[in-house]
């Protein structure tokens, strides 16, 4: 893993970063269940990782945060998809260079960050709905 700010991570922070590298996008609850640690430990470590800019947060419409590595090499700028039924967030394929340039030239303002989120129904919820 060659992402920024991972050299000096504490034990649990490193475990979180490695999980996010493997699984890409997880909520605090999912991290807590996988690592089998208490809620306070997860949120304390997420707070530190966000502050160090090792991870980034994507919130769903209910305000639940999902976390991913903040690494342009292994995790380039990409849009997300939120299922309107289960409220989960999914990563979509990364933007290509032309997309990013087009979006960053959209305004005369100094754009520092771009977030794009699509909303609809995920395949799993669509299957469940069709089975009813």
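Restricting to segment 15-36, count the residues that are closer than 16 Å to residue 50 by Cα and surrounded by fewer than 17 Cβ atoms within 10 Å (Cβ to Cβ).
Residues in segment 15-36 being closer than 16 Å to residue 50 by Cα and surrounded by fewer than 17 Cβ atoms within 10 Å (Cβ to Cβ): 4 in total.
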**Report entry** All positions within segment 78-112 that are touching a helix residue (DSSP H, G or I) at 6+ places or on another chain (Cβ under 8 Å) and surrounded by fewer than 15 Cβ atoms within 10 Å (Cβ to Cβ)
**Finding:** 85, 86, 111
Query - Candidate set from segment 113-132 (those that are surrounded by 13 or more Cβ atoms within 10 Å (Cβ to Cβ) and more than 21 Å from residue 59 (Cβ to Cβ)); member that is nearest to the chain's Cα centre (by Cα) - result: 126
Requested in this report: Identify the single condition in (1) surrounded by 13 or more Cβ atoms within 10 Å (Cβ to Cβ); (2) outside the structural domain of residue 27 (by TED's automatic domain parsing); (3) touching a helix residue (DSSP H, G or I) at 6+ places or on another chain (Cβ under 7 Å) that residue 67 does not satisfy, given that it satisfies every other one.
Outcome: (2)
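The values are calculated or read from the model by the stated rules, or taken from the named source; none is laboratory data. All values derive from a computational prediction rather than experimental measurement. Every residue, glycine as well, gets a Cβ built from its backbone with ideal geometry; the counts of neighbours run over all protein chains shown.
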